[in-house]
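Okay, structure first, notes after.
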Amino acid sequence: MKAKGLIDALQDFDAWRQELAKLVEQVSSFTHRLDLLPSGTMLRLEILARELRLERVSISFYGEFARGKSELINSLFFYDQQRRFLPSGVGQTTMCPVEISASENGQASLELLPFQTRTMHGNIQELKKDPGYWKRFPLPMTDPVAVSQVLQQLQETQCVPLVEARRFGLCPALDSTRPQISHCPPCGEGKVKISRWRFAQLRLVHPALRSGLIIIDTPGLNSLGSEAELGLDAARMADASIFVLAADSGVTQSDLQIWDQSLSFHSRQRQLVVLNKCDLLVDELDPPEERLQAEHKQQQFVAERLQMPLDHVIPISAREALIGRLRADQNQLERSGILRLEQAIANILIPGKRHAIAANTQQILQRVLMDQRFILEEQLQVIHSDRESMLRLQAQAGEQVPVLLERQRKILEHLELDWTQFRILQEEFRQEARGPLLESLSLEGLDQIIEKSRSEMLAVWTTFGIYERFSQFFIDTIAGFDEAMTRANRLSERMMTAYRSLEQRYSLPRLDTLPYVLLPRRSELLALSDYYERFGKRLEIAAYPQGVVVRKAFLQLANRVRTFVQETRRDLLSWVEESLDLMNGHLDRCRGQAQERTAALSAIAESSASVQQRIDALNLKESRIHYEIDELTHLQEELDGYFQSVLSLEMAS
């Protein structure tokens, strides 16, 4: 793979996203033309196409400090700067998470979030929306010295009282056996050095970033004075992670803890492990084959220890890779292993992201097409029934037509009355949805649970006590979801009962309005609960064995759960509206069909020749529906073939 192969893979990913968005727009256009589904469904397709065009693949570089993460990023992406672009070197360099993405206005810049925002309730994603919190520094890319000076701020620290640092969980408790961990001589007695910044956003003009890549460089989890949970969140939320280890030490105990607590639950298609600094495995005087043997031995050991496929563990030397690229030394570049890492990113991580996008999009499009096919087939059944009636009329005496016409008019009249009553019930359903249904998912009630859990967590100091509060928080929150499920089932049954009487009376299509929106939401909450249960059982996170880390994690968790509940409330209200829209759509089509029958019988009453005209009209309508079903079948086959080729290709890679 050439050096630009990774860029090619990202550009292919960008082109594929645009292609998939066009496919969604094709289904959306077809759905708009048929006009059979609720407006909410068509809006969802439009949003899906827009989100696909904006989709990005984010990769976090993660591990303990001094593993060479920043140097690795330099050798992968920024060697075109002809120097070390991101600050890197001996010891701890990156003091806060750095999100590197494409500049929207074509101007490079660095935005830094002051550490004082640590006291605010908003999480990083919320703070990103308000530029007032950030300090922005333009990057004059034509002036390397000026750029280097600006980027040096990523290493900046500040001295704060030890008590304050410990209150935020940025310094371990006093330990008489290891006083050096809780004392920082450059800051003086009673103070400790911490990062000056919480988070950084680096915006650059770069082909990889322009093609949809977001790079996240994290400080080491065991970095003294850094906000470790932000790095944890960055690794968990990224589409893929590259876990950086030191080749000479392999998997240390703290490495294993990081892996178990933060990364191991990800799909293997979202993980690579890098054994950096392979140039330290052997002496320069040793023959090259000894280094290869040492690399392979360490690669096998790490793969077995982390239960990873062997080709997901890549031995490299980021330092040699960067030097080889700056000196245009192809032999050193190949020896460094960086080309194998590029191939792994292009053939494992990017296809893994593409597979996830394709699977989700396929599921949505298949449901949309299935719903339309169901409605078209229902319309065909109505046409067949009407045509049989017309054929029977054609064979019967003309005096029966007035009787049938009067009966059809009464059906239409009763339908209007019943629909009016049903509209009154719909308002009751909406009021119940906005009131009792959402009451069990009340944000005020959740805030009380959060505050109660936070207060109790501050009052306990044992591992068991903190873990117990985590467990109780999820028990209380899931109880709200269970109550919402019960109430949603009751509301669903009421809507079904009201609709079923109309369904039986007017031969409407059958509906299933169970509150399925809650089932995946509850499963997501249980998965989150399971993760934090494992997190709570392993409180010894690298250099932070005290429970304050878990308390900080709880604040992050509370924000996530609150946003999660807000989204669930919106989903429930949308579910009620879409169910009612679907019912009204069936009633509207039923009224239209009844009006057609009434008009046809009126025409027949005036002239028996109209029977054949009605049969001809039904035949024409049947042909149109068959044509639409054929179109739908062709579109379905095209989609099936497309997704089968995409998903099978990703699985093979």
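Entry remark, the range 118-150: residues being in contact with a Leu (Cβ under 6 Å, 6 or more places away or on another chain) and among the hydroxyl-bearing types (Ser, Thr, Tyr) number 1 in total.
Within the range 112-127, track down each residue that is modelled with pLDDT of 85 or more and buried (at least 16 other Cβ atoms within 10 Å of the Cβ).
The initial filter retains those residues of the range 112-127 that are modelled with pLDDT of 85 or more, namely 112-114.
Across the range 112-127, the qualifying residues are LEU112, LEU113.
Checking the structure you have, find out if any residue of the range 377-385 is in contact with a His (Cβ under 9 Å, 6 or more places away or on another chain) and of a type outside the set (Val, Ile, Thr).
Going residue by residue through the range 377-385, those that are in contact with a His (Cβ under 9 Å, 6 or more places away or on another chain) are 378, 380.
Now restrict to residues that are of a type outside the set (Val, Ile, Thr): 378, 380.
Looking for residues that are in contact with a His (Cβ under 9 Å, 6 or more places away or on another chain) and of a type outside the set (Val, Ile, Thr), one finds at least one in the range 377-385, hence yes.
For the range 496-517, the set of residues classified as hydrophobic (A, V, I, L, M, F, W, C) and either out of contact with any Ser or Thr (no Cβ under 8 Å at 6 or more places or on another chain) or at pLDDT 85 or above (or both) consists of MET496, ALA498, LEU502, LEU508, listed by residue number. Close contacts from the range 288-312, counting a first residue that is small (Gly, Ala, Ser) and a second that is modelled with pLDDT of 90 or more and surrounded by 13 or more Cβ atoms within 10 Å (Cβ to Cβ), with Cβ to Cβ under 6 Å and a gap of 6+ residues or different chains, come to ALA303/VAL313.
For the subset of the range 440-494 comprising residues that are among the aliphatic types (A, V, I, L, M) and outside any helix (DSSP H, G or I), which member is farthest from the chain's Cα centre (by Cα)? Looking at residues that are among the aliphatic types (A, V, I, L, M) and outside any helix (DSSP H, G or I), I get VAL460. If the condition is being among the acidic types (Asp, Glu), touching a helix residue (DSSP H, G or I) at 6+ places or on another chain (Cβ under 7 Å) and either in a strand (DSSP E or B) or farther than 25 Å from ILE242 by Cα (or both), then the range 25-68 contributes GLU25, GLU46. Going by the conditions given, is ILE348 assigned to a helix (DSSP H, G or I) and touching a residue at least 12 places away in the same chain (Cβ under 8 Å)? Yes: the conditions hold for ILE348.
Let's see how each residue does on (1) more than 30 Å from LEU511 (Cα to Cα); (2) assigned by TED's automatic domain parsing to the domain that holds LEU587; (3) outside any helix (DSSP H, G or I); (4) touching a Lys or Arg at 6+ places or on another chain (Cβ under 6 Å):
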residue	(1), (2), (3), (4)
HIS355	yes, no, no, no
THR361	no, no, no, no
ASP371	no, no, no, no
GLU377	no, no, no, no
SER385	no, no, no, no
MET390	no, no, no, yes
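Can you find a residue in the range 408-418 that is out of contact with any Lys or Arg (no Cβ under 9 Å at 6 or more places or on another chain), at pLDDT below 85, loosely packed, with under 13 Cβ neighbours inside 10 Å and in a helix (DSSP H, G or I)? The answer is no, given that none of the residues of the range 408-418 is out of contact with any Lys or Arg (no Cβ under 9 Å at 6 or more places or on another chain), at pLDDT below 85, loosely packed, with under 13 Cβ neighbours inside 10 Å and in a helix (DSSP H, G or I).
In the range 228-338, which helices (runs of 4 or more DSSP H) lie fully inside it and hold 1 or more residues that are at pLDDT below 75 and more than 29 Å from LYS353 (Cβ to Cβ)? I'd like the intermediate steps shown before the answer.
Numbers: elements: 228-237, 253-258, 288-306, 318-326, 330-336.
Qualifying helices (runs of 4 or more DSSP H): 288-306.
Among the residues of the range 24-48, those that are crowded, with 20+ Cβ neighbours inside 10 Å and either under 19 Å from the mean Cα position of the chain (by Cα) or modelled with pLDDT of 90 or more (or both) comprise VAL24, VAL27, SER28, THR31, LEU45, LEU48.
Screening the range 188-202 for residues that are surrounded by fewer than 21 Cβ atoms within 10 Å (Cβ to Cβ) and touching a Ser or Thr at 6+ places or on another chain (Cβ under 9 Å) and picking the one that is modelled with the highest pLDDT gives GLN201. There is at least one residue in the range 77-96 that is over 20 Å from LEU341 (Cβ atoms), in contact with a strand residue (DSSP E or B) (Cβ under 6 Å, 6 or more places away or on another chain) and in contact (Cβ under 8 Å) with a residue 40 or more places away in the chain.
Quick one: is LEU582 touching a Pro at 6+ places or on another chain (Cβ under 7 Å), in a helix (DSSP H, G or I) and either modelled with pLDDT under 70 or not β-branched (Val, Ile, Thr) (or both)? Reasoning before the result, please.
Numbers: touching a Pro at 6+ places or on another chain (Cβ under 7 Å): yes; in a helix (DSSP H, G or I): yes; either modelled with pLDDT under 70 or not β-branched (Val, Ile, Thr) (or both): yes.
Yes: the conditions hold for LEU582.
The values are calculated or read from the model by the stated rules, or taken from the named source; none is laboratory data. Note that the structure is predicted; figures quoted are calculated from it, not measured. All Cβ positions, glycine included, derive from the backbone under ideal geometry; neighbour counts span all protein chains shown.
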